[in-house]
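Asks: Below you'll find the structure I mean.
The values are calculated or read from the model by the stated rules, or taken from the named source; none is laboratory data. Just so it is clear, the model here is predicted, and its values are computed rather than measured. FYI the Cβ positions are ideal-geometry reconstructions off the backbone, even for glycines, and counts take in every protein chain you see.
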Amino acid sequence: MAHDKTEKPTAKRLEDARKKGQVVKSQDFNGAIVLIAATGAMAYAGPYAVSTLYGQMQFTFGKLLSNPEVLKPLTFESYNALVSSTIQSMVWLMLPFLLTVMVLGALSNLLQVKPLFAMEAIYPKLDKINPINGFKRFWSTRSLVEVIKAIVKMAIIGAAGTMIIQNHMSELMTLGSVEVPVAWGTIVKILAEIAQWACTLFFIAGLIDWRYQAWEFEKQMRMSRQEIKDERRNTDGDPMMKGRIRQMGVKMARTRQLASVPTADVVITNPTHYAIALKYDPDIAPAPVVVAMGKDIFAQKIKEVAKEHKVPMVENKPLARALYPVVEVDAMVPPDLFVAVAEVLAYVFAKNKGRRLAAQKRAKDAAKKQQQQRRVDE
């Protein structure tokens with residue numbers, strides 16, 4: 001059950017698939033857009049094209065009928081000139097239709113897949129030319145669905161065309177007894193109605209197929225829970241390895257802190273839960289700096305190192321509890337705790353027979369200045 005692909009694809013899987021050219025795309029929708037474009041272009045510019053072509057043919061054949069000697073003797077040059085002139089006229093007439101179909105066909109693809117250039121999709125692969133794989137694809141469920149869709153579309157379009165012709169059967173029966181322009185107008189009207197129905201039905205079928213292709217693509221891209229875990233592990237790293245690295249980082253940081261404890265001026269304790277080692281050097285920082293801090297077991301190690309190197313320790317539960325949540329290693333103590341820390345330093349320096357008396361005074365002065373400045377700022 002762990003390998004059942006029941007989970008929705010992740011953003012990374014979809015992005016990887018897109019790089020390979022695997023995107024949601026409906027050929028039926030593209031075909032519908034191209035059909036609508038061709039029909040619209042024909043409806044808009046068709047009469048002009050027909051009349052122009054009719055005039056060109058009338059001019060050419062009229063010229064030949066009025067002067068048959070033009071092609072006598074029939075040579076390659078004279079025949080080529082006549083054919084080239086006719087083909088050139090037809091090309092210029094068909095060019096707007098072709099451009100319209102090509103542009104709207106490209107926009108239809110762009111609407112579905114957005115700008116995409118996937119080199120991997122055009123690389124030659126042996127499995128694409130493998131006859132066994134080709135036979136499997138031919139008899140796959142996807143091929144069967146495509147065949148069924150084609151049959152259903154043709155049946156619907158055929159039924160619609162048959163109904164339209166039956167509705168106009170009385171007009172069609174009179175075509176033999178009316179003039180050519182009238183008959184041609186009737187045929188064009190019927191063909192236009194068939195084309196309108198065909199465009200509508202193909203567009204609806206294209207939208208349905210678009211949604212089906214999206215559902216089929218999402219189904220193919222589904223992942224198992226194990227695949228999601230593997231992807232997360234490859235992206236973010238192995239959780240166990242990350243845990244080990246984190247532990248190593250904590251261990252190195254604590255080792256560095258313990259090495260800094262002998263340089264501290266005082267260690268403030270809770271006494272059992274917290275230990276904060278402070279150092280005051282006005283040449284380095286204007287306020288005391290935390291060189292080490294710990295809780296529970298690590299606090300006991302800090303005290304052991306301090307005792308070993310004869311670093312003064314002061315038990316001050318309120319101050320230790322106030323310092324621990326707000327201070328960081330290698331950072332100065334917060335301004336609102338300057339006075340309390342300065343008093344502790346003054347006590348330590350006084351107890352050690354005036355050790356660094358000048359530093360004591362500077363610590364108090366700095367604390368007072370910081371406090372005054374804070375009041376001014378407030």
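Asks: Given the criterion among the basic types (Lys, Arg), touching a Pro at 6+ places or on another chain (Cβ under 7 Å) and modelled with pLDDT under 85, identify the matching residue among ARG356, ARG362. Can you show your working first?
Replies: Details: ARG356 fails: touching a Pro at 6+ places or on another chain (Cβ under 7 Å).
ARG362 is the lone residue from the list that is among the basic types (Lys, Arg), touching a Pro at 6+ places or on another chain (Cβ under 7 Å) and modelled with pLDDT under 85.
Asks: I would also like to ask the following. Quick one: would you say PRO325 is assigned to a loop (DSSP other than H, G, I, E, B) and surrounded by 13 or more Cβ atoms within 10 Å (Cβ to Cβ)? Steps first, answer last, please.
Replies: Details: assigned to a loop (DSSP other than H, G, I, E, B): yes; surrounded by 13 or more Cβ atoms within 10 Å (Cβ to Cβ): no.
Spelling it out, it is not the case that PRO325 is assigned to a loop (DSSP other than H, G, I, E, B) and surrounded by 13 or more Cβ atoms within 10 Å (Cβ to Cβ).
Asks: Next question, about the same structure. Within the stretch 261-278, work out how many residues are part of a strand (DSSP E or B), more than 8 Å from ALA306 (Cβ to Cβ) and among the β-branched types (Val, Ile, Thr).
Replies: Qualifying residue count, the stretch 261-278: 4.
Asks: Moving on to the next point. Go through SER177, SER140, SER170 for me and flag whichever is among the small types (Gly, Ala, Ser) and either at pLDDT 80 or above or closer than 16 Å to GLN27 by Cα (or both).
Replies: That would be SER170, the only listed residue that is among the small types (Gly, Ala, Ser) and either at pLDDT 80 or above or closer than 16 Å to GLN27 by Cα (or both).
Asks: For PRO335, indicate whether it is over 22 Å from VAL250 (Cβ atoms) and under 51 Å from the mean Cα position of the chain (by Cα). Outline the logic, then answer.
Replies: Working: over 22 Å from VAL250 (Cβ atoms): yes; under 51 Å from the mean Cα position of the chain (by Cα): yes.
Yes.
Asks: If you check ASN352, ASN316, which single one turns out to be of a type in the set (S, T, N, Q), over 21 Å from ALA259 (Cα atoms) and in contact with a helix residue (DSSP H, G or I) (Cβ under 8 Å, 6 or more places away or on another chain)?
Replies: Working: ASN352 fails: in contact with a helix residue (DSSP H, G or I) (Cβ under 8 Å, 6 or more places away or on another chain).
Going through ASN352, ASN316 in turn, just one is of a type in the set (S, T, N, Q), over 21 Å from ALA259 (Cα atoms) and in contact with a helix residue (DSSP H, G or I) (Cβ under 8 Å, 6 or more places away or on another chain): ASN316.
Asks: Take the stretch 185-213 and flag every residue that is under 22 Å from SER51 (Cα atoms) and either touching a helix residue (DSSP H, G or I) at 6+ places or on another chain (Cβ under 9 Å) or touching a residue at least 12 places away in the same chain (Cβ under 8 Å) (or both).
Replies: Going residue by residue through the stretch 185-213, those that are under 22 Å from SER51 (Cα atoms) are 185-193, 195.
Selection gives THR186, ILE187, VAL188, LYS189, ILE190, ALA192, GLU193, ALA195.
Asks: Scanning the stretch 176-186 for residues that are in a helix (DSSP H, G or I) and surrounded by fewer than 14 Cβ atoms within 10 Å (Cβ to Cβ), which turns out farthest from the chain's Cα centre (by Cα)?
Replies: If we filter the stretch 176-186 for residues that are in a helix (DSSP H, G or I), which is where we start, we get 176-177, 180-186.
Narrowing further to those that are surrounded by fewer than 14 Cβ atoms within 10 Å (Cβ to Cβ): 176-177, 180-182, 184-185.
On the way: GLY176: 62, SER177: 65, VAL180: 59, PRO181: 57, VAL182: 58, TRP184: 54, GLY185: 52 Å.
Result: SER177.
Asks: So, one more: Go through the stretch 275-297 residue by residue and tally those that are buried (at least 24 other Cβ atoms within 10 Å of the Cβ), touching a residue at least 40 places away in the same chain (Cβ under 8 Å) and in contact with a strand residue (DSSP E or B) (Cβ under 6 Å, 6 or more places away or on another chain). Please lay out each step first, then the result.
Replies: Here is the first cut: in the stretch 275-297, the ones buried (at least 24 other Cβ atoms within 10 Å of the Cβ) are 275-278, 280, 288, 292.
After this cut, where a residue has to be touching a residue at least 40 places away in the same chain (Cβ under 8 Å) as well, the list is 275-276, 278, 280, 288.
Then drop every residue that is not in contact with a strand residue (DSSP E or B) (Cβ under 6 Å, 6 or more places away or on another chain), which leaves 275-276, 278, 288.
Of the residues in that region, 4 qualify.
Asks: Name the pairs whose Cβ atoms lie under 8 Å apart, with the first residue in the stretch 73-91 and assigned by TED's automatic domain parsing to the domain that holds ALA49, the second at pLDDT below 65 and part of a helix (DSSP H, G or I), and 6 or more positions between them or separate chains?
Replies: These pairs meet every condition: SER78/VAL70; SER78/LEU71; TYR79/LEU71; LEU82/THR60; LEU82/LEU71; SER85/THR60; THR86/THR60.
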